[in-house]
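Worksheet: the structure to be examined is printed underneath.
The values are calculated or read from the model by the stated rules, or taken from the named source; none is laboratory data. Only a predicted model underlies this, so the values are computations on that prediction, with no experimental measurement involved. Note: ideal-geometry Cβ built from the backbone for every residue, glycine included; neighbour counts use all protein chains shown.
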Amino acid sequence: MSKTTIRKRISLVAVTALTAGVLSAVVAPAASANIYRSTNAATSTTSLNVATTGTSGNTTGAAVISADASVVTAYQSHALLYKDASSTTAQTATVLAGGTLILYTAGDLTTATRVSFTATGGSFGTTVYDNNSATTASGLWSDSKKTLVVETGTAVAVTWAAGTTAGTYTINSYKSTNTTQIAGLSTATDGTLVGGITVTVVSAEAAAGPVVANSTCSVSTDTTPTPASADTSSAFMNGYSAYINMSLKDAYLATNATSGNIVVTATNGALVNIGSVSSASAAVSAGTASTVVAYGTGTSGDDNSIRVSQGTTGAPVTTTVTVTFNGATICTKTITIRGVPASMVIATVSSVGTGSSGSTPYWLADGTNRSAHMHIQLKDSAGNTVLPGSSNDGTNGHTEFAAATASITNLITAFSVASGEQATSVSSSLPGWNYSAAKYTCGSGQYGTQKVTVNHTSAATGKIITGTFDARCAGDAYTYTASFDKASYVQGEVATLTVKFLDSKGNAANSVTSPSSTGTTVLSVPMMTRVTALPDSTTRTKADGTLALTYTVSLDTAGVTAGSYNGIIDFPALTAVAATKQIVTYKVATGNDTTSNADVLKSIVALIASINKQIQALQKLILKR
């Protein structure tokens, strides 16, 4: 669709060129402005805090520090651009060159506390501590005012001037009750580290607006004002919508405060709409066009959630959704919404015991522990895997698998897919649940093969799709034969030993019961090393009653002797009743002698021809004399 949906008022602000990942450009404020963007009001005795600007802001162009160390509400840093919300040892802050931070920490009222501050640059200044004492005495500092040590029983606050040189600096704070810590620089870090701040000093504020690297844009099954850091899904069932949730941040990781033109476009006819979501699972109406335009910040409650829907009901669509802010791309997401079932694939069909519906989890062996005879997978018209049941119809309707009436006979008396056996996931991390597991029942005393048609009916649409499979009924293993795939092997080759199990009627045995249910299988095959695990009670044959075992001819030259050998194949559970141990004959060559019979025959013929020539020459010589 080519229509465009427009929400709110469209801004006519010109789009500027992108620099340093910033999505819109504004003029940097004067250095005297205080632009603090987040909060940090912790006053724990085990934390280091940076003063906010106060509710009225700081427009004087200077930091404010109260004469009373306990009145933290009066503290105001100057030119603080960004401060994260933490107050422990991994804090970050950004300040304009020439700015000043107010640092403060609570004291321990029960004992005298030694507090030290260290900085890799800038300088400490006014200090307030010990019940309203303020000082700038140089005796408190060392190392050109980069280290400050004070003794206080209550709280301490200090100014830190960033200086005019842009760069990154580290400020740490330590506390201790060790009286020797007051000594000076050499012992300033003897205490416990309670706070650490990495301060970035910049010459000018970054341009306003969102920065892609700092923002979050992720796909989910529902709306949320706090999107996950990564997509929670990329494939959605028919009738369901995908949601792209956004949280745009500026260059200082603060919530974007700049409104701009948000344009959302979807390819392949998918429909999009954008909404303002301030709580989880809030409603965003379905879109009516493939492009929608809004004017907002892309943050909680302000055009922050995008709904993506099918363009045509029931039809699959894979769409690429692009979101831009003032012309710059915020994110691009590829989403698949699957359609209604259009085809059925039936695979991994086993043979079943006569007069039984018995099954085993060892047949599918897909990690789900489902005991069944086959896989059934539904696909939409694009070949995507889809699910049976209401989750696939987009309704609360009922969906069924059932055998066609004509397929229920004396040989095949029943077919079923239990509700707990149906496919529930299309995730690649749960492949076993991408398909349903089915069973069929063989009539009593019945042997043979029949084609069965399976119907899948959608109650929501009434549409029926079909699939077929060959059902085979047979008895348990009774006897067996064994043979190698070749008569002779050369050292290092791979050999396949095939054992075919037969029921009491001479038909291929079913694949439900293990041929090694009792006793230890004996596979004595000289000069070969078995790669396949030894058959046991969990082993199942293929649907045709065969079991393939892989061997390698030994690579150990010293352990291989060329010649003919007999292998013994014994399944005690069967040979104890009616079967006969199988002897397999084969030859093994070391590979050192590469002369073939044809080569030997050729040499003999050449030798005879040479002798004949010599006899003829001798006869001619005798006649001349």
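Restricting the search to the range 371-400, which residues are modelled with pLDDT under 85, part of a strand (DSSP E or B) and of a type in the set (Val, Ile, Thr)?
Across the range 371-400, the qualifying residue is only Thr399.
Which of the residues belonging to the range 245-276 are within 27 Å of the chain's Cα centre (by Cα) and part of a loop (DSSP other than H, G, I, E, B)?
Leu248, Leu253, Thr267, Asn268, Ala270 - these are the residues of the range 245-276 that are within 27 Å of the chain's Cα centre (by Cα) and part of a loop (DSSP other than H, G, I, E, B).
In the range 226-281, which residues are aromatic (Phe, Trp, Tyr), closer than 19 Å to Ile330 by Cβ and modelled with pLDDT under 95?
So the first thing to find is which residues in the range 226-281 are aromatic (Phe, Trp, Tyr), and the list is 236, 240, 243, 252.
In the following step, the residues that additionally are closer than 19 Å to Ile330 by Cβ were identified as 243, 252.
The one that is aromatic (Phe, Trp, Tyr), closer than 19 Å to Ile330 by Cβ and modelled with pLDDT under 95: Tyr252.
Looking only at the range 75-90, which residues are closer than 19 Å to Glu205 by Cα and either hydrophobic (A, V, I, L, M, F, W, C) or not assigned by TED's automatic domain parsing to the domain that holds Ala155 (or both)? Reasoning before the result, please.
Within the range 75-90, the subset closer than 19 Å to Glu205 by Cα is 76-84.
Those that are closer than 19 Å to Glu205 by Cα and either hydrophobic (A, V, I, L, M, F, W, C) or not assigned by TED's automatic domain parsing to the domain that holds Ala155 (or both): Ala79, Leu80, Leu81.
Confirm whether Leu555 is touching a Ser or Thr at 6+ places or on another chain (Cβ under 8 Å), at pLDDT below 95, assigned to a loop (DSSP other than H, G, I, E, B) and among the hydrophobic types (A, V, I, L, M, F, W, C).
Numbers: touching a Ser or Thr at 6+ places or on another chain (Cβ under 8 Å): no; at pLDDT below 95: yes; assigned to a loop (DSSP other than H, G, I, E, B): yes; among the hydrophobic types (A, V, I, L, M, F, W, C): yes.
The answer is no for Leu555.
Does Ile346 satisfy the condition of being farther than 21 Å from Thr221 by Cβ and in contact with a Phe, Trp or Tyr (Cβ under 6 Å, 6 or more places away or on another chain)? Talk me through it step by step, then tell me what you get.
Values: farther than 21 Å from Thr221 by Cβ: yes; in contact with a Phe, Trp or Tyr (Cβ under 6 Å, 6 or more places away or on another chain): yes.
When the stated conditions are applied, Ile346 passes them.
Report, by residue number, each residue of the range 230-244 that is among the aromatic types (Phe, Trp, Tyr) and not in a loop (DSSP other than H, G, I, E, B). Don't jump to the end; show me each part of the working.
Residues of the range 230-244 that are among the aromatic types (Phe, Trp, Tyr), as a first pass: 236, 240, 243.
Listed by number, the residues that qualify are Phe236, Tyr243.
Which of the following residues is outside any loop (DSSP other than H, G, I, E, B), hydrophobic (A, V, I, L, M, F, W, C) and modelled with pLDDT of 70 or more: Val156, Val150? Quick ask: steps written out before the conclusion?
Values: Val150 fails: modelled with pLDDT of 70 or more.
Checking each option against the conditions leaves just Val156.
Among (1) out of contact with any Pro (no Cβ under 7 Å at 6 or more places or on another chain); (2) more than 17 Å from Ala418 (Cβ to Cβ), where does Ser350 come up short?
(2)
Within the range 506-526, which residues are over 38 Å from the mean Cα position of the chain (by Cα), part of a loop (DSSP other than H, G, I, E, B) and among the hydroxyl-bearing types (Ser, Thr, Tyr)?
Here is the first cut: in the range 506-526, the ones over 38 Å from the mean Cα position of the chain (by Cα) are 506-510, 515-526.
Still in the list and also part of a loop (DSSP other than H, G, I, E, B): 506-507, 509-510, 515-521, 525-526.
Within the range 506-526, Ser516, Ser517, Thr518, Thr520, Thr521 qualify.
Taking the range 233-276 as the region of interest, how many residues are within 30 Å of Leu387 (Cα to Cα) and of a type in the set (A, V, I, L, M)?
If we filter the range 233-276 for residues that are within 30 Å of Leu387 (Cα to Cα), which is where we start, we get 233-246, 264-275.
Going one step further and asking which of them are of a type in the set (A, V, I, L, M), we end up with 235, 237, 242, 244, 246, 264, 266, 270-272, 274.
The qualifying residues number 11.
Name the residue that is nearest to Gly567 (Cα to Cα), counting only residues in the range 527-552 that are of a type in the set (Gly, Ala, Ser) and in a loop (DSSP other than H, G, I, E, B).
Looking only at the range 527-552, we keep the residues that are of a type in the set (Gly, Ala, Ser), and these are 533, 537, 543, 545, 548.
Keeping just the survivors that are in a loop (DSSP other than H, G, I, E, B) gives 533, 537, 543, 545.
Details: Ala533: 17, Ser537: 22, Ala543: 26, Gly545: 21 Å.
In this case the residue turns out to be Ala533.
Could you please let me know if Thr368 is surrounded by fewer than 19 Cβ atoms within 10 Å (Cβ to Cβ), touching a Phe, Trp or Tyr at 6+ places or on another chain (Cβ under 9 Å), modelled with pLDDT of 90 or more and assigned to a loop (DSSP other than H, G, I, E, B)?
yes
Of the residues Asn455, Asn410, which is surrounded by fewer than 18 Cβ atoms within 10 Å (Cβ to Cβ), modelled with pLDDT of 95 or more, under 35 Å from the mean Cα position of the chain (by Cα) and not aromatic (Phe, Trp, Tyr)? Reasoning before the result, please.
Values: Asn410 fails: under 35 Å from the mean Cα position of the chain (by Cα).
Result of the check over Asn455, Asn410: Asn455.
Restricting attention to the range 42-96, and to residues there that are charged (D, E, K, R) and at pLDDT 70 or above, which single residue is surrounded by the most Cβ atoms within 10 Å (Cβ to Cβ)?
Here is the first cut: in the range 42-96, the ones charged (D, E, K, R) are 68, 83-84.
After this cut, where a residue has to be at pLDDT 70 or above as well, the list is 83-84.
On the way: Lys83: 28, Asp84: 18.
It comes out as Lys83.
If you go through the range 260-276 one residue at a time, do you hit one that is out of contact with any strand residue (DSSP E or B) (no Cβ under 7 Å at 6 or more places or on another chain) and not basic (Lys, Arg)?
At the first step, the residues of the range 260-276 found to be out of contact with any strand residue (DSSP E or B) (no Cβ under 7 Å at 6 or more places or on another chain) are none.
Taking every residue of the range 260-276 in turn, none turns out to be out of contact with any strand residue (DSSP E or B) (no Cβ under 7 Å at 6 or more places or on another chain) and not basic (Lys, Arg).
Scan the range 459-505 for residues that are free of Cβ contacts under 8 Å to residues at least 24 places away in the same chain and either crowded, with 18+ Cβ neighbours inside 10 Å or over 38 Å from the mean Cα position of the chain (by Cα) (or both) and jot them down. Write out each step before concluding.
To start, the set of residues in the range 459-505 that are free of Cβ contacts under 8 Å to residues at least 24 places away in the same chain comprises 462, 464, 485.
Hit for the range 459-505 is Asp485, nothing else.
Tally the residues that are crowded, with 22+ Cβ neighbours inside 10 Å, in a loop (DSSP other than H, G, I, E, B) and among the hydrophobic types (A, V, I, L, M, F, W, C), restricting the search to the range 295-340.
1
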